[in-house]
Amino acid sequence: MARRRDTPGRVGLALLALLVAALAVSWAWVRFGPKRETARGAQPQVVRVQVLNGSSEGRVAGRVASFLREGGFHVVEVRNADRDDYFATLVVARREDPAAALAVARYLGGPPVIRQATGSDQADVTVVLGSDRSRLRLDQ
C-alpha cells in the first residue's frame, strides 16, 4: 500500500501560487487601476495651508482640514477667521507664485483664488470658508 506523501507539498505549492497571483493583482491594481487626483500628484513640494472658518457653522474648518490632509497638503493652522459672515469661500495665495493656491482650489472643487502675497513663514495658502462652503467638493 503506497502512501501519498506529496499531498502537503501540493497544498503548499497551491498556496504559494495563490499568494503570487494575489500580489500580481494587487500590483496591477495600484499601477493601472483608477487614479484619485491628489495634491502630491499636482504639486511636488509640500504646500502649507491655513484653514479659517469664516462661516457661522462650527467645526467646518476641521472637516476641511482633514480633507486637505488626505490630499497630501500640510495643514499648519485651523481656527476661526476674523469674522463669521464671509459669504464666499476663497483661497488666498500667500506667495508670489500662485501654483500652490491653484492646486488647493482645484482639490476643493474650484473656489476663487486671490493673491495676497505676504512674508508669512507659516502658510503658503489660506483657505477662508464662507457660508457657501457646501459647494466645496469634499467627497473625492
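In table form, for the structure just shown:
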| quantity | calculated |
| --- | --- |
| Global geometry of the range 41-96, whether rounded, prolate or oblate, following the gyration tensor of its Cα atoms and the 1.5 cut on a/c | prolate |
| Protection proxy ranking, peptides 123-134, 94-105, 71-82, average beta carbon neighbours within 10 Å, highest first | 123-134, 94-105, 71-82 |
| Prolate/oblate/rounded label for the range 60-140 (Cα gyration tensor, a/c 1.5) | rounded |
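FYI, it's all coordinate maths here, none of it is from the lab. If you're wondering where the values come from, they're calculated on a predicted model, not measured in any experiment. Note that we place each Cβ from the backbone using ideal geometry, even for glycine, and neighbour counts take in every protein chain shown.
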